[in-house]
Amino acid sequence: MSTGEVFLHTAQAFLPRLVELRRDFHRHPELSNAEHRTQARVADELRGLGVEVQTGVGGTGVVGVLDPTGEAAGESRGGAGSPRPCVALRADMDALPIQEENDVPYRSQVPGVMHACGHDFHMAALLGAAMLLAARREALPGPVKFIFQPSEETVSGARRMIEDGVLDAPPVDAIFGFHNVPLLPAGQVALKEGPTMAAVDTVHIDVVGAGGHGGIPQRTVDPIVAASALVLALQTVVSRGVDPLEAAVVTIGSFQAGTASNIIPDRAQLAGTVRTFNPAVRDLAEAAIRRVAEATVAAFGARAEVRYERVVPAVRNEAVMTRIARQAAAGLLGDEAIREAQMTTGGEDFALFLERVPGCYLSIGSGDPEGGPVAPWHSSRYQVNESALAVAAAVMARTALLALKELRRA
């Protein structure tokens with residue numbers, strides 16, 4: 001039996017325990033910044049494996065370090081070519097404000113809160129990877145750091161964990177993350193080098209006019225009319241400002257104005273999201289939005305106040321670490337189970353880790369192998385194929401081991 005087959009066979013033996021953990025997390029979901037029970041449960045599981053644990057990282061995050069020498073808390077000895085490289089694996093922890101509609105024994109016990117994106121799956125799978133690696137502790141070429149991140153849904157947890165030093169002591173030389181994909185059958189993995197998920201920016205535009213009586217509009221500067229024109233004009237930022245071979249999205253998702261049918265208000269408020277992959281296109285989009293907003297509403301005698309926030313960069317998988325992850329997954333599942341990931345305009349704050357450390361973000365199938373219908377992420381009927389827990393655990397553990405060996409040789 002090959003090393004990959006041993007990993008997968010052992011992970012499958014752990015599957016009942018991983019299902020139990022996933023269902024426990026699912027019954028007790030917690031929203032972003034409030035993952036207190038989750039934090040305690042994850043920490044207890046890691047300690048039971050002999051992993052050094054730190055809680056409260058980035059608020060409610062958990063960091064575990066599995067070190068073959070027991071020296072994980074010491075000074076740095078890592079780095080490419082070092083005898084002591086460190087590889088990190090990350091899972092997210094938070095749930096969503098959704099009322100679950102699934103009629104299952106382990107349905108959410110928290111009204112209005114549900115693990116509808118599979119973070120319960122991610123935590124259980126990463127704990128499975130920790131089980132696999134802890135059983136091989138003496139054979140590890142260096143420490144493995146398990147990062148359980150809070151507040152991914154609010155795109156704030158990764159930044160706070162980084163500020164709290166999650167990539168230090170010992171310093172991380174490579175990092176890998178993953179997300180379950182219900183549209184990808186269980187037993188398959190998708191990944192690609194380069195950009196895979198979009199940069200996420202938020203724009204708020206206040207259109208300031210001069211309100212008055214709805215029946216006497218000539219004595220006002222109507223911000224609703226100006227803002228309406230602006231919504232349409234902003235569609236040209238992409239269609240006439242971005243190279244057709246590049247990808248970008250500008251969406252105005254909120255338009256707030258007025259309190260009564262016969263009153264022209266002083267102000268209209270727009271809010272939207274901007275998605276890009278290329279940093280140059282990101283710069284272009286921000287500049288164009290500011291220019292179009294100011295010029296368009298000025299034509300109506302109004303004024304635009306633009307607040308543009310760069311939330312997270314694009315997820316960009318580094319070439320060497322992507323090759324390692326692909327090799328690990330193929331060694332477990334066979335080349336035929338590996339797919340080229342499709343780029344998506346969804347965002348992920350795992351990108352903040354990848355800005356600082358080379359790594360790769362994988363898509364791991366959690367759908368019906370027979371291709372049956374599945375509910376999408378963020379659905380009140382969202383479910384995962386729990387057999388994929390063993391696959392995810394084995395892929396992540398094997399990836400960490402191969403990355404440690406590669407970094408040690410480099």
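Descriptive notes on the structure:
Every residue, every condition in (1) within 18 Å of G58 (Cα to Cα); (2) assigned to a loop (DSSP other than H, G, I, E, B), yes or no:
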site	(1), (2)
A116	no, yes
M123	yes, no
F146	yes, no
I162	yes, no
H179	no, no
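- Taking the numbered list (1) touching a helix residue (DSSP H, G or I) at 6+ places or on another chain (Cβ under 8 Å); (2) in contact (Cβ under 8 Å) with a residue 40 or more places away in the chain; (3) farther than 30 Å from V249 by Cβ in turn, P369 passes all entries but (1).
- Flag set for E35, criterion: of a type in the set (D, E) and surrounded by 22 or more Cβ atoms within 10 Å (Cβ to Cβ).
Residues checked against (1) without any contact (Cβ under 8 Å) to a residue 40 or more places away in the chain; (2) in the same structural domain as P29 (by TED's automatic domain parsing); (3) touching a Lys or Arg at 6+ places or on another chain (Cβ under 8 Å); (4) surrounded by fewer than 20 Cβ atoms within 10 Å (Cβ to Cβ):
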position	(1), (2), (3), (4)
A91	no, yes, no, no
I98	no, yes, no, yes
S108	no, yes, yes, no
P111	yes, yes, no, yes
H122	no, yes, no, no
L126	no, yes, yes, no
A130	no, yes, no, no
R136	no, yes, no, yes
L140	no, yes, no, yes
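- Test result for L404, over 30 Å from T202 (Cα atoms) and not assigned by TED's automatic domain parsing to the domain that holds L234: yes
- All of L402, L407 fail the test of being modelled with pLDDT of 95 or more, closer than 13 Å to I324 by Cα and touching a Ser or Thr at 6+ places or on another chain (Cβ under 8 Å), apart from L407.
- Looking only at residues of the stretch 258-291 that are more than 27 Å from A198 (Cβ to Cβ) and touching a residue at least 60 places away in the same chain (Cβ under 8 Å), we find that the one that is surrounded by the fewest Cβ atoms within 10 Å (Cβ to Cβ) is R267.
This table checks each residue for (1) of a type in the set (G, A, S); (2) under 30 Å from A337 (Cα atoms); (3) in the same structural domain as P150 (by TED's automatic domain parsing); (4) at pLDDT below 95.
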site: F7; (1), (2), (3), (4): no, yes, yes, yes
site: A13; (1), (2), (3), (4): yes, yes, yes, no
site: D44; (1), (2), (3), (4): no, no, yes, no
site: R47; (1), (2), (3), (4): no, no, yes, no
site: V53; (1), (2), (3), (4): no, no, yes, no
site: G64; (1), (2), (3), (4): yes, no, yes, no
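- Failed criterion for H378 (all others in (1) over 18 Å from V144 (Cβ atoms); (2) out of contact with any strand residue (DSSP E or B) (no Cβ under 7 Å at 6 or more places or on another chain); (3) not small (G, A, S) hold): (2)
- Screening the stretch 187-273 for strands (runs of 3 or more DSSP E) wholly inside it with 1 or more residues that are in contact with a Leu (Cβ under 7 Å, 6 or more places away or on another chain), in the same structural domain as L352 (by TED's automatic domain parsing) and closer than 30 Å to A330 by Cβ returns the ranges 189-191.
- Restricting the stretch 182-219 to residues that are of a type in the set (D, E) and under 21 Å from A247 (Cβ atoms), the residue that is surrounded by the fewest Cβ atoms within 10 Å (Cβ to Cβ) is E193.
- Qualifying residue in the stretch 332-340 (condition: in a loop (DSSP other than H, G, I, E, B), among the basic types (K, R) and assigned by TED's automatic domain parsing to the domain that holds L8): no
- Candidate set from the stretch 75-101 (those that are more than 18 Å from F176 (Cβ to Cβ) and at pLDDT 95 or above); member that is nearest to the chain's Cα centre (by Cα): D94
- First in the stretch 343-366 and not assigned by TED's automatic domain parsing to the domain that holds M161, second anywhere and at pLDDT below 95 and surrounded by fewer than 23 Cβ atoms within 10 Å (Cβ to Cβ), Cβ under 9 Å, 6 or more apart: none
- R316 fulfils the conditions (1) assigned to a helix (DSSP H, G or I); (2) touching a helix residue (DSSP H, G or I) at 6+ places or on another chain (Cβ under 7 Å); (3) basic (K, R) except for a single criterion, (1).
- Unmet requirement for A72, which otherwise passes all of (1) of a type outside the set (D, E, K, R); (2) at pLDDT 95 or above; (3) closer than 17 Å to A43 by Cα: (2)
The values are calculated or read from the model by the stated rules, or taken from the named source; none is laboratory data. In this text, all values refer to a predicted model and were calculated from it rather than measured experimentally. Every residue, glycine as well, gets a Cβ built from its backbone with ideal geometry; the counts of neighbours run over all protein chains shown.
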